[in-house]
Amino acid sequence: MSEHPIHIKSKLPLVGTTIFTIMSALAVEHDAINLSQGYPDFSCKDALQDLVYKHIKAGHNQYAPMAGLPLLRRLLAEKVMKLYNFPLHPEHEVTITAGGTQAIYTAINAFVHRGDEVIIFEPAYDCYIPAILMAGGSPISVPLQYPDYSIDWNHVKKLITAKTKMIVINTPHNPSGKILGREDMKALEKITENTDIIVLSDEVYEHIVFDEASHESVWKHEKLAKRSLAVYSFGKSYHVTGWKMGYCMAPEYLMKEFRKVHQFLVFSVNTPFQHAIAEYLQQSDDYLELNQFYQEKRDFFLSAIKQSRFEILPSKGTYFQLLSYKKISEELDTDFAVRMTIEHKVASVPLSVFYKSKEDNKVLRFCFAKGKDTLEKAAEILSKI
Ligand code: GLN
């Protein structure tokens, strides 16, 4: 007899609790340095905090317009024009969302029908597959080639069928830290030409790209831009992941469908924070300093673990660093990550959880969006393992 009073059929039978929640909880339980879940342990700018307070006090506390504050949308469209030289219409082509994850879920569920195929690249950020499954679609995985996590576009091409509805790209890439280059975007443009495939481009780390490389937004590629939705996150750009605010941009014919779902998922996103960000955007373009800011953190962390037995994989963007522990242990990466948290008091994320096949290359992901002291302490521990 079932232990529950009624029988339910799970819509996501194979899905458990997200790895970020699991590892962060384990870090707290064992008082470990938490380099697992990706979030900064430092504060956003005072000026931005003050603006939130100001706008709450000014009475901006009721529903925002469904698609977001018009001023904020206009400023974001202008930003895309400035950075990527692509015109987006603020009224019809920009929507403020409750973070990147909501935008991704909404985009997938607005377009993917039962039986449709969606191509994703693995390791894949963990919200893509559940969103595809909820839409009744089938995730089709393409492996990023270890150890440089590059894409074999010929392989992608071979996987395209009459059922392919969408390709999800993510650059800079979480969890690998790989970025897509111009050639990748050209290859994607070519294989989607004369198809009805929609591109969903997760660009939440657009401002965290290292070593003078530039971010390849879909907006830089005119043909791709016509079939793409791109997703962004204020959390990453202003150190405010807990605000759960982001946005989606897409040509009007795609955005129209996106909004049909968005309005019944969240209706609109919190008002005073939208006012605050809009005002802050008019005062500062300090997101342009993030590349340098995080590159220094990456380099500090890497130089502090130089003597360790971990092997460093290239991190070209995001605030994540992959380290291989193959010289240290043969344990499964999930076991090793748990043991490191409990015994050595440093929490990370094992890469195998981002693969359907649980591929295990003995690699862990570390978040370096942390203060120097924290990175130093973690590095000291890692150097002794
Ligand atoms: N994006 C964050 C990461 O990769 C996690 C976000 C979350 O916990 N949902 O660690």
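The values are calculated or read from the model by the stated rules, or taken from the named source; none is laboratory data. No experiment lies behind these values; they were computed from the predicted model shown. Here the Cβ is made from the backbone with ideal geometry for all residues, glycine too, and neighbour counts use every protein chain on show. For the accessible areas, the whole protein counts, side chains as well, though only heavy atoms, and no ligand, DNA or RNA atoms are used. Shrake-Rupley method; radii C 1.70, N 1.55, O 1.52, S 1.80 Å.
Residue separation times 0.36 nm, minus the C-alpha to C-alpha distance between LYS345 and ARG309: what's the value?
That works out to 11.3 nm of additional length.
Taking a ≥ b ≥ c as the square roots of the Cα gyration tensor eigenvalues, with a/c under 1.5 meaning rounded and otherwise prolate when a/b beats b/c, else oblate, which class fits segment 220-357?
In terms of gyration-tensor shape, prolate.
Which percent, nearest 5, of DSSP beta bridges in segment 298-381 are antiparallel?
Roughly 100 percent of the DSSP beta bridges within segment 298-381 come out antiparallel.
Could you check the simple spin-label distance between ILE8 and LYS326, using points 7 Å along Cα→Cβ, in nm with one decimal?
Each label point lies 7 Å from its Cα, and together they span 4.2 nm.
Of THR21, THR97, THR334, which has the largest mean-square fluctuation in a 10 Å C-alpha GNM of the chain?
The residue with the greatest mean-square fluctuation here is THR21.
How high is the FRET efficiency from SER357 to ARG114, r the C-beta distance, R0 35 Å, rounded to 0.05?
Approximately 0.90, to the nearest 0.05.
Within the chain, what's the longest run with no trypsin sites (Lys or Arg not before Pro) in a DSSP loop and at most 16 other beta-carbon atoms within 10 Å? Give the range, please.
For trypsin sites (Lys or Arg not before Pro) (loop position, at most 16 other Cβ atoms within 10 Å), the longest site-free span of the chain is 227-305.
Exactly which GluC sites (Glu not before Pro) in segment 109-196 are in a DSSP loop and have at most 12 other Cβ atoms within 10 Å?
Of the GluC sites (Glu not before Pro), the ones in loops of segment 109-196 whose Cβ has at most 12 other Cβ atoms within 10 Å are GLU193.
How high is the relative contact order of segment 202-322? Use alpha-carbon pairs under 8 Å, at least six apart in sequence, and give a whole percent.
30 percent
Can you give the extra length, in nm with one decimal, that the chain gains between LYS54 and PHE293 once fully stretched, where that is 0.36 nm per residue apart less the Cα-Cα distance?
83.3 nm
Considering only DSSP beta bridges where both residues belong to segment 160-249, give the percentage that are antiparallel (nearest 5). Could you put the intermediate results ahead of the total?
Values: 4 of 13 bridges.
So the antiparallel bridges in segment 160-249 amount to around 30 percent.
Please give the per residue accessible area of segment 21-162, computed with a probe of 1.4 Å over protein heavy atoms only, in Å².
That works out to 46 Å² for each residue.
To make sure I understand the rule: partners must be lysines, Cα under 19 Å from the Cα of LYS236, and not fewer than 8 residues away in the same chain. Which ones qualify?
Cα-Cα hits under 19 Å: LYS45, LYS79, LYS178, LYS244, LYS297, LYS316, LYS370, LYS372.
Residues of segment 242-292: accessible area per residue at 1.4 Å, in Å²?
Roughly 45 Å² per residue, with all protein chains present.
Probe radius 1.4 Å, ligands and nucleic acids ignored: give me the carbon and sulfur share of the accessible area of the chain as a rounded percent.
53 percent
Classify segment 1-119 as rounded, prolate or oblate from the Cα gyration tensor: take a ≥ b ≥ c as the square roots of its eigenvalues, call it rounded if a/c is under 1.5, otherwise prolate when a/b beats b/c and oblate if not.
Details: a/c = 1.94, a/b = 1.33, b/c = 1.46.
Taking the square roots of the gyration eigenvalues as a ≥ b ≥ c, segment 1-119 is oblate.
Between ASP211 and ASP41, what length comes free when the chain is fully extended (0.36 nm per residue of separation minus the Cα-Cα distance, one decimal in nm)? Write down the numbers at each step before the final one.
On the way: separation 170, 0.36 × 170 = 61.20 nm, distance 2.36 nm.
Fully extending the segment from ASP211 to ASP41 adds 58.8 nm.
Counting only DSSP beta bridges with both residues in the chain, what percent are antiparallel, rounded to the nearest 5?
Once the DSSP bridges in the chain are tallied, antiparallel ones form about 50 percent.
Of ASP184, ASP285, ASP126, which has the largest mean-square fluctuation in a 10 Å C-alpha GNM of the chain?
So, out of ASP184, ASP285, ASP126, the one fluctuating most is ASP285.
From the Cα gyration tensor of segment 134-204, with a ≥ b ≥ c the square roots of its eigenvalues, which class applies: rounded if a/c is under 1.5, or else prolate if a/b is larger than b/c, or else oblate?
Taking the square roots of the gyration eigenvalues as a ≥ b ≥ c, segment 134-204 is prolate.
Can you compute the charge dipole magnitude of segment 286-385 about its Cα centre, using +1 on each Lys and Arg Cβ and -1 on each Asp and Glu Cβ, nothing else charged? Give it in debye, rounded to the nearest 20. Intermediate results must be reported in sequence, preceding the final value.
Working: 17 positive and 15 negative charges, 29 e Å.
Dipole magnitude for segment 286-385 comes out near 140 debye.
Which of the lysines could a cross-linker span from LYS9 if the Cα-Cα distance has to be under 26 Å and same-chain partners fewer than 8 positions apart are dropped?
Qualifying lysines at Cα under 26 Å: LYS356, LYS358.
How much FRET efficiency would the formula 1/(1 + (r/R0)^6) give for ASP196 and GLU252, where r is the Cβ-Cβ distance and R0 is 22 Å, rounded to 0.05?
0.85
Between THR18 and SER383, what FRET efficiency follows from the Cβ-Cβ distance if R0 is 22 Å, with the result rounded to 0.05?
Details: r = 30 Å, r/R0 = 1.35.
Working from the Cβ atoms, E equals 0.15.
With a cut-off of at most 13 other beta carbons within 10 Å, and DSSP calling the residue loop, which GluC sites (Glu not before Pro) in segment 299-385 qualify? Please list them.
On the way: sites: GLU311, GLU330, GLU331, GLU343, GLU359, GLU376, GLU380; in loops: GLU330, GLU331, GLU359.
Loop-located and lightly packed - GLU330.
Highest GNM mean-square fluctuation, the chain, Cα pairs closer than 10 Å: which of GLN263, GLN282, GLN274?
Among GLN263, GLN282, GLN274, the largest GNM mean-square fluctuation belongs to GLN282.
Where does the chain land at 222 nm, in deg cm²/dmol rounded to the nearest 500, when only DSSP H runs of n ≥ 4 count, each adding -39500 (n - 2.57), divided by all residues?
The per-residue figure over the chain is -11500 deg cm²/dmol.
Mind scanning LYS220/LYS256; LYS190/LYS326; LYS165/LYS362; LYS157/LYS306 and naming the pairs with a C-alpha gap bigger than 28 Å?
Exceeds cut-off: LYS190/LYS326; LYS165/LYS362; LYS157/LYS306.
Relative contact order for the chain: what percent, with Cα pairs under 8 Å and sequence separation of 6 or more? Numbers along the way, then the final one.
Numbers: 736 pairs, mean separation 94.7, N = 385.
Relative contact order comes out at 25 percent.
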